[in-house]
């Protein structure tokens, strides 16, 4: 595997440290007239930091101290237990999923959120669906831990609930659309990997390009929707 395939979660964690420090101050605030937990600009950046931390549990070290735990679990699920990185889905594909999404698209969405509130919403669709996938898998397995479950429950669950429901920033229609976007992005992600697992596609580079394009959709689709829809229940900048 390339160095980036094993290093990216740790690089992301290093980046999350100054980001959390900025979140503790006012530099990333959009509206200082409301509490930061109701400030959509600030919440957009919280989502970025949360996912960088989640990546460490999935791809760095899980709670058992196992490295690359999520790729190993994914490959085992499709009949390649204990073989990663010898797996139809190489490390480069997992990197192509995460680096464009959480190093580029997610920060870009948070940065754009001040003028285009929907731009920061795509990440929360991914957070909500990822959280449900981890919890659903654990319940289906009788409560057995899966890589990423701890941060999904401790970080994603309260954060997604607050942003999409508790803070009352968005209409129900917007929340449904955000979750649908998260499902769509996850569907493309899994479909691309299944092309490799099933042998439909032999070139992992093609699937990596699909995943890079998928990251672009996380920003592009909300921005397109925002142009024609009055999406806010109450404006975060009001």
Residue under evaluation residue 57, criteria (1) closer than 17 Å to residue 211 by Cβ; (2) crowded, with 21+ Cβ neighbours inside 10 Å; (3) in contact with a helix residue (DSSP H, G or I) (Cβ under 7 Å, 6 or more places away or on another chain), criterion not met: (1)
In the range 50-85, the residues that are farther than 27 Å from residue 199 by Cα, under 18 Å from the mean Cα position of the chain (by Cα) and not in a helix (DSSP H, G or I): 61, 62
Which residues, taken from the range 65-115, are on the phi > 0 side of the Ramachandran plot and buried (at least 20 other Cβ atoms within 10 Å of the Cβ)? 68
Keeping to the range 1-10, report how many residues are assigned to a helix (DSSP H, G or I), surrounded by fewer than 18 Cβ atoms within 10 Å (Cβ to Cβ) and touching a residue at least 40 places away in the same chain (Cβ under 8 Å). 3
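Would you say residue 139 is touching a residue at least 12 places away in the same chain (Cβ under 8 Å) and more than 21 Å from residue 42 (Cα to Cα)?
Numbers: touching a residue at least 12 places away in the same chain (Cβ under 8 Å): no; more than 21 Å from residue 42 (Cα to Cα): yes.
So residue 139 does not fit the description; no.
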Do you know which residues across the range 178-215 are out of contact with any helix residue (DSSP H, G or I) (no Cβ under 7 Å at 6 or more places or on another chain) and assigned to a helix (DSSP H, G or I)? 180, 184, 187, 190, 191, 194, 197, 205, 206, 209, 213
Could you pull out every one of the helices (runs of 4 or more DSSP H) wholly within the range 102-163 that has 3 or more residues that are more than 16 Å from the chain's Cα centre (by Cα) and modelled with pLDDT of 95 or more? 121-140
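The values are calculated or read from the model by the stated rules, or taken from the named source; none is laboratory data. Bear in mind the structure is a predicted one, so any value in this text is a computation, not a measurement. Reconstructed Cβ throughout: ideal geometry from the backbone, glycine too, with neighbour counts over all protein chains shown.
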